[in-house]
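Report on the following structure.
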Amino acid sequence: MTASVSVLVVCSGNTCRSPLVGAMLRHRLAGSGLSADVSSAGTIDWNAKPMADNSVQVLIEYGIEPPVHRSRKLTADLLRSADLVIGMSREHQWAIDTLAADTLPYTFLLGELVRLGEKFGPRGELSLAAWLAEVDRSRPANRLARPADELDDPMGEPIESYRVMGARADDLTTRLVALLAG
């Protein structure tokens, strides 16, 4: 196994998207032989709420053990302690910019990182930091992702919306791990 890296997944309330994506990413990274500490946080402080029941259900449907989870608020310290920060929407990129603009070179939306990473190619022998720096160079100067790079928030929607989000998260996390492990 390679040296462990720290990945922070960010969404709004840290109850739907980020804990689900974090669990999928953790599961796939473990299966790839890459050592990673994957955690999550939200831009809104929801006082240690559990993962949304529908997110738990989607993880179970994918055969992934849902983690014991309590939401937590995003902080500059959490951002700066991560090697890679993955947001779900451009709104999260803006919040991260406000909290710790110095982390933007290694902050991406999940869809953006996969899209740009596939253009650059697998990490290979590069360190994660070097690979992310290469991928970062392919972004526009303002580092603003495309709307299509966002992962829609299913909060308050029926289970089918969570399944749609889960299917996209499954595809993107699978492709991301292939880039990181390749």
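The values are calculated or read from the model by the stated rules, or taken from the named source; none is laboratory data. This one's a predicted model, so the numbers in the text were calculated from it and none came from an experiment. Cβ atoms come from the backbone with ideal geometry, glycine included; neighbour counts cover every protein chain shown.
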Quick one: in segment 112-127, which of the residues that are charged (D, E, K, R) and closer than 20 Å to G33 by Cβ is surrounded by the most Cβ atoms within 10 Å (Cβ to Cβ)? R123
Across segment 75-116, what is the number of residues that are assigned to a loop (DSSP other than H, G, I, E, B), within 17 Å of L20 (Cβ to Cβ) and in contact with a helix residue (DSSP H, G or I) (Cβ under 7 Å, 6 or more places away or on another chain)? 1
Condition check: among the hydrophobic types (A, V, I, L, M, F, W, C), under 17 Å from L180 (Cα atoms) and either touching a strand residue (DSSP E or B) at 6+ places or on another chain (Cβ under 6 Å) or in contact (Cβ under 8 Å) with a residue 12 or more places away in the chain (or both). Does L99 satisfy that? no
Quick one: in segment 152-166, which of the residues that are assigned to a helix (DSSP H, G or I) and among the charged types (D, E, K, R) is surrounded by the most Cβ atoms within 10 Å (Cβ to Cβ)? R163
Starting from residues that are among the acidic types (D, E), over 14 Å from G13 (Cα atoms) and not in a helix (DSSP H, G or I), keep the ones in segment 26-70 and report whichever is nearest to the chain's Cα centre (by Cα). D37
Quick check: is even one residue across segment 121-138 closer than 22 Å to R28 by Cα, in contact with a helix residue (DSSP H, G or I) (Cβ under 8 Å, 6 or more places away or on another chain), among the charged types (D, E, K, R) and touching a residue at least 24 places away in the same chain (Cβ under 8 Å)? yes
Looking at A169, is it surrounded by 22 or more Cβ atoms within 10 Å (Cβ to Cβ), in a loop (DSSP other than H, G, I, E, B) and touching a helix residue (DSSP H, G or I) at 6+ places or on another chain (Cβ under 8 Å)? no
Would segment 78-101 turn up any residue that is within 20 Å of D152 (Cα to Cα), of a type in the set (S, T, N, Q), modelled with pLDDT of 95 or more and surrounded by fewer than 21 Cβ atoms within 10 Å (Cβ to Cβ)? no
Looking at P140, is it outside any helix (DSSP H, G or I) and in contact with a Gly (Cβ under 7 Å, 6 or more places away or on another chain)? no
Residue list for segment 128-151, filter: exposed (fewer than 15 other Cβ atoms within 10 Å of the Cβ) and under 13 Å from the mean Cα position of the chain (by Cα): none
What pairs come out if I take residues in segment 13-42 that are on the phi > 0 side of the Ramachandran plot and pair them with residues that are outside any strand (DSSP E or B) and modelled with pLDDT of 95 or more whose C-beta lies under 6 Å away, six or more apart or interchain? N14/S71
